[in-house]
Each structure stands twice: as structure tokens, then as C-alpha cells.
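Written below as C-alpha cells is the structure these notes are about.
Any read-out appearing in this document is the output of simple, stated calculations on the displayed coordinates, not a laboratory observation. Treat the numbers as computed from the prediction; the structure is a model and nothing was measured. In this analysis, Cβ positions are derived from the backbone assuming ideal geometry, glycine residues included, and neighbour counts consider all displayed protein chains.
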Amino acid sequence: MTKKVLLTSFATWEAHQVSNSSDDLLGIVAQRGLLSDRMHLARQLPVDFELAPSQAIATIQQFKPDVVICCGMAEMRKVLTVELNAWSQEVTHQTKVNLQKLLTGLTITEISEDAGRYVCNALYHCLLDYFHRHRLDIACIFVHVPILTPANTEAIAQDFLTILHRLKN
């Protein structure tokens, strides 16, 4: 049976941002008719260190997914990046997903070991910590999405959809 998947994205946080590429990417998933009762979108989480994790955890408790794919925008990156780990001052948590295997054959996606110092890292760390503390067998990754352009959107969408397909089956 297909696994239950939760996809998250963020709202914008700067006045110059027309949209958040993480949310734009989830919009592409929705536009292509790939949603089902086994997939839930938590779109436009607030860019807030406390609200984003609390809203995501509340959604996880309600939806009970097998897989969580968090997405955030990385304005300075040029490719899709999947984060290996997230950290706080006390501890670093690593995804239990085999990223090398997950990303095999993808054209515009790389593994990153730096989830940043902002809300993306905070959300990822909180979720990995929550799953660890509650002994939940939930596969969780964080995907940083570069600014989407006419030149890169299709390649990024294809890689993301491949990641989604591999994790849900």
C-alpha cells in the first residue's frame, strides 16, 4: 500500500518575495493531479521558529503520515538540495533516509549538510527530534528549493516528483 505523505512549505518572509519557491513546488504537485487521500499538504507554514514546528507537529498528530517532506526556499542555491541533518546547540539529528540511494540518477538535486541557521533548520530539527523522542518510525527529509525560473522549473519538478514517488512507495 502507498504510504501516507505529508508535504510542507513556507510562506514568504521578505517584502520583495512574490512567492516562496517551496510553496510554488507544492503547487506544481497539486496542479499535476498527484494529490490523493494518502497525501496531505501543509502549505505556507509561518516563517516563525515556534509556530512552524508547532503547526507541523499538530498536522502530523492529526494526519499520522509515514513520510514527511518539508520544503523551504533557498534563494542563493541553484539546485534542489536535500538536507542530511539539522542541528541545535545541544544535538544534531540526521535523517534516517538513505539520501545517496534516494537521489540516485537525479539531475538537479544534491545532498546538503547545511540546513542553514534559520527556520528551515529549526523546523527540520524539531521534527527529527520529535520523531526520535516519541520513537516514531516516520521517514523525514527537508528539501531546499532554489528560486524557480522558466529554465529550471521542469527539471526541479521532475526530480522532486521522483523523490516523492520513491518515498511513498
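What the table shows:
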| quantity | calculated |
| --- | --- |
| Under 5 Å, built H, 5+ apart or other chain: amide partners of M39 | V5 |
| Note, ³J(HN,Hα) from phi for the stretch 68-78, Karplus 6.51, -1.76, 1.60, rounded to Hz, x at Gly and Pro | 10, 10, 8, 10, x, 8, 10, 4, 8, 8, 10 |
| Karplus (6.51, -1.76, 1.60) ³J(HN,Hα), θ = phi - 60°, over the stretch 16-31, in Hz, Gly and Pro reported as x | 6, 7, 6, 8, 10, 4, 5, 6, 4, 5, 5, x, 5, 4, 5, 4 |
| Net length gained if the chain between W13 and Q89 were fully extended (0.36 nm per residue, minus Cα distance) | 24.9 nm |
| Antiparallel DSSP beta bridges within the chain, percent to nearest 5 | 25 percent |
| Restricting the stretch 1-102 to chymotrypsin sites (Phe, Trp or Tyr not before Pro) in coil, as DSSP defines it, with at most 14 other Cβ within 10 Å | W13, F49 |
| Which of Q17, V145, V67, positive extreme of dipole for the stretch 4-161 (C-beta unit charges) | V67 |
| Reachable lysines from K168, criterion Cα separation under 25 angstrom, eight or more residues apart if same chain | K3, K4, K64, K96, K101 |
| Added length on full extension, which subtracts the Cα-Cα distance from 0.36 nm per residue, R32 to M1 | 9.0 nm |
| Equivalent ellipsoid, the chain (semi-axes from 5 times Cα gyration tensor eigenvalues, Å) | 21, 19, 16 |
| Trypsin sites (Lys or Arg not before Pro) within the stretch 7-60: DSSP coil, no more than 10 neighbouring Cβ in 10 Å | R32 |
| Isotropically averaged projected area of the stretch 74-129, using the convex hull of Cα atoms (one quarter of hull area), nm² | 4.0 nm² |
| Charge sum, other residues only, whose C-beta stays under 15 Å from F49's C-beta, Lys/Arg counted +1 and Asp/Glu -1 | -2 |
| Dipole magnitude of the chain, debye to nearest 20 (Cβ charges: Lys/Arg +1, Asp/Glu -1, about Cα centre) | 640 debye |
| Distance in nm between pseudo-label sites at E50 and L161 (7 Å out along the Cβ direction from Cα) | 4.1 nm |
| Alpha carbon centroid spacing (whole Å) that separates the stretch 1-47 from the stretch 68-138 | 16 Å |
| Table column - 3J(HN,Hα) (Hz), the stretch 4-12, Karplus curve with 6.51, -1.76, 1.60, x for Gly and Pro | 7, 10, 10, 10, 10, 9, 10, 7, 6 |
| Expected 222 nm ellipticity per residue - DSSP helices of 4 or more, -39500 (n - 2.57), all of the chain, to 500 | -11000 deg cm²/dmol |
